[in-house]
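Participant: Starting off with a structure, shown below.
The values are calculated or read from the model by the stated rules, or taken from the named source; none is laboratory data. Being a predicted model, the structure only gives us computed values, none of them experimental. All Cβ positions, even for glycine, are placed from backbone atoms using ideal geometry, and neighbour counts span all protein chains on display.
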Amino acid sequence: MTQTRMLIEDRICFYGAGSMAEAVARGLIARAVIAPTQITFLNRSDSGRLEDLKQRYGTAATNDPSEKLDALRSSPIVILAMKPKDAAEALNQLGALIGPRTLVVSMIAGLSIATMRKLLGREDQPIVRTMPNTSSTIGLGVTGLSYSEGLSDEHRRTARLLFEAVGTIVETDEDKIDPLTGISGSGPAYVYYLMEALIEAAELGGLTREQAREMTVQTVLGAAQMVRQTGEEPAELRRKVTSPNGATQAAIAKLDESDFRGAVIRAAQRCSERSAEMGRELEDKLGN
């Protein structure tokens with residue numbers, strides 16, 4: 001049976017038209033969550049980028065000043081996807097345009113709900129603060145969601161639909177956003193770093209670059225799928241492939257010599273700390 005009603009029927013305005021905004025819009029359209037004609041992209045000056053989005057997805061897109069104002073006024077959902085340096089000016093302007101029940105969804109790293117409300121000039125504006133990761137661009141992301149106090153059930157449902165379109169979601173208190181950043185936000189980089197090392201090791205062993213890359217990609221993909229599909233803990237799966245006095249055991253011992261586990265934990269913790277520091281620096285610049 002053909003679906004006649006979209007899951008989201010309100011207009012959505014992406015205030016910013018970068019890769020993460022495109023990823024979310026692409027997921028929403030591909031999963032028939034919203035009609036393309038209900039989406040508008042805005043940016044400051046890159047007309048070529050906007051035209052590309054219009055042609056690719058069938059959405060609206062504009063950087064005309066009057067059209068931008070109209071889009072922001074008429075959209076019940078506004079997704080903040082601009083660069084952090086542009087946030088203060090954008091939010092100060094936005095506060096005079098949106099209504100008290102407009103849902104503001106922020107993808108701006110480090111910007112707290114309290115600061116956004118202050119810049120908007122509205123102490124009770126419904127806001128969802130998010131932390132997506134780059135895997136959202138292929139629909140396999142993880143997005144942390146934190147809600148402003150008193151957010152309605154309908155707004156929570158909308159936020160879930162937006163980001164379930166590009167992967168899985170984790171709903172958490174706002175003070176957990178920085179720890180979440182240390183794992184899912186920056187986690188892909190740790191995996192890529194491991195993959196770089198595995199590829200180099202394979203090449204040192206005499207394999208071609210293409211062979212090394214393909215083996216590494218499939219190994220990482222297969223390991224992740226084993227965890228997901230079997231439901232077993234990573235530690236248990238590791239034990240199953242680590243025979244006593246075998247080759248894998250020798251490799252694990254070498255990793256333990258370098259405190260591999262501790263290094264990864266410290267890296268994630270430092271990432272979380274730096275995320276919090278950057279948030280404070282951003283809010284200081286914005287005059288909080």
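Participant: Here are T143, T130: which of them is touching a Phe, Trp or Tyr at 6+ places or on another chain (Cβ under 6 Å) and of a type outside the set (A, V, I, L, M, F, W, C)? Even if it seems obvious, please write down each step before you answer.
Facilitator: Values: T130 fails: touching a Phe, Trp or Tyr at 6+ places or on another chain (Cβ under 6 Å).
Of T143, T130, the one residue that is touching a Phe, Trp or Tyr at 6+ places or on another chain (Cβ under 6 Å) and of a type outside the set (A, V, I, L, M, F, W, C) is T143.
Participant: What about S184, is it surrounded by 17 or more Cβ atoms within 10 Å (Cβ to Cβ), within 13 Å of the chain's Cα centre (by Cα) and without any contact (Cβ under 8 Å) to a residue 60 or more places away in the chain? Give the steps one after another, and end with the answer.
Facilitator: Values: surrounded by 17 or more Cβ atoms within 10 Å (Cβ to Cβ): yes; within 13 Å of the chain's Cα centre (by Cα): yes; without any contact (Cβ under 8 Å) to a residue 60 or more places away in the chain: yes.
Considered against the rule, which asks whether it is surrounded by 17 or more Cβ atoms within 10 Å (Cβ to Cβ), within 13 Å of the chain's Cα centre (by Cα) and without any contact (Cβ under 8 Å) to a residue 60 or more places away in the chain, S184 comes out as yes.
Participant: Ok, one more. Any residue at all in the range 104-120 that's modelled with pLDDT of 95 or more, among the β-branched types (V, I, T), loosely packed, with under 14 Cβ neighbours inside 10 Å and part of a helix (DSSP H, G or I)?
Facilitator: No; the residues of the range 104-120 include none that is modelled with pLDDT of 95 or more, among the β-branched types (V, I, T), loosely packed, with under 14 Cβ neighbours inside 10 Å and part of a helix (DSSP H, G or I).
A quick yes/no check of all residues on (1) in contact (Cβ under 8 Å) with a residue 60 or more places away in the chain; (2) among the hydrophobic types (A, V, I, L, M, F, W, C); (3) farther than 11 Å from V128 by Cα:
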site: V142; (1), (2), (3): no, yes, yes
site: L145; (1), (2), (3): no, yes, no
site: S148; (1), (2), (3): no, no, no
site: D153; (1), (2), (3): no, no, yes
site: T158; (1), (2), (3): yes, no, no
site: L161; (1), (2), (3): yes, yes, yes
site: V166; (1), (2), (3): yes, yes, yes
site: V170; (1), (2), (3): no, yes, yes
site: D175; (1), (2), (3): no, no, yes
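Participant: Go over the candidates L207, L286, L282, L180 one by one and state the one that is out of contact with any Asp or Glu (no Cβ under 6 Å at 6 or more places or on another chain) and farther than 24 Å from Y147 by Cα. Full working, then the answer.
Facilitator: Values: L286 fails: farther than 24 Å from Y147 by Cα; L282 fails: farther than 24 Å from Y147 by Cα; L180 fails: farther than 24 Å from Y147 by Cα.
None of the other options fit; the residue is L207.
Participant: Which members of the range 37-49 meet the condition of being under 21 Å from K83 (Cβ atoms) and surrounded by fewer than 20 Cβ atoms within 10 Å (Cβ to Cβ)? It would help to see each step written out before you state the result.
Facilitator: From the range 37-49, those under 21 Å from K83 (Cβ atoms) are 39-49; that's our starting set.
Correct list: R44, S45, D46, S47, G48, R49.
Participant: For the range 187-288, which helices (runs of 4 or more DSSP H) that fit wholly inside it have 2 or more residues that are in contact with a Gly (Cβ under 8 Å, 6 or more places away or on another chain) and surrounded by 13 or more Cβ atoms within 10 Å (Cβ to Cβ)? Don't jump to the end; show me each part of the working.
Facilitator: On the way: elements: 187-204, 209-230, 234-240, 247-257, 260-285.
Those helices (runs of 4 or more DSSP H) span 260-285.
Participant: For the range 74-94, state whether one or more residues are exposed (fewer than 15 other Cβ atoms within 10 Å of the Cβ), within 24 Å of A159 (Cβ to Cβ) and modelled with pLDDT of 95 or more.
Facilitator: Checking the range 74-94: at least one residue is exposed (fewer than 15 other Cβ atoms within 10 Å of the Cβ), within 24 Å of A159 (Cβ to Cβ) and modelled with pLDDT of 95 or more.
Participant: On to the next question. Kindly establish whether T137 is among the hydroxyl-bearing types (S, T, Y) and in a helix (DSSP H, G or I). Steps first, please.
Facilitator: Numbers: among the hydroxyl-bearing types (S, T, Y): yes; in a helix (DSSP H, G or I): yes.
So T137 passes the test.
Participant: Residues in the range 167-186 that are hydrophobic (A, V, I, L, M, F, W, C) and outside any strand (DSSP E or B): how many?
Facilitator: So in the range 167-186, the residues hydrophobic (A, V, I, L, M, F, W, C) come out as 169-170, 177, 180, 183.
Still in the list and also outside any strand (DSSP E or B): 177, 180, 183.
Residues that pass the stated criteria total 3.
Participant: Quick check on my filter: what residues within the range 138-180 are in contact with a Lys or Arg (Cβ under 9 Å, 6 or more places away or on another chain) and among the β-branched types (V, I, T)?
Facilitator: V166, I169, V170, I177
Participant: Of all residues in the range 150-174, count the ones that are over 26 Å from A32 (Cα atoms) and either at pLDDT 95 or above or not assigned by TED's automatic domain parsing to the domain that holds A30 (or both). Please lay out each step first, then the result.
Facilitator: As a first pass, look at the range 150-174 and keep what is over 26 Å from A32 (Cα atoms): 150, 172-174.
Going one step further and asking which of them are either at pLDDT 95 or above or not assigned by TED's automatic domain parsing to the domain that holds A30 (or both), we end up with 172-174.
The number of residues fulfilling the criteria is 3.
Participant: Does any residue in the range 237-254 that is in the same structural domain as L198 (by TED's automatic domain parsing) come within less than 7 Å, Cβ to Cβ, of a residue that is surrounded by fewer than 11 Cβ atoms within 10 Å (Cβ to Cβ) and outside any helix (DSSP H, G or I) six or more places away or on a different chain, and which pairs are these?
Facilitator: From the range 237-254, the pairs are Q249/S243.
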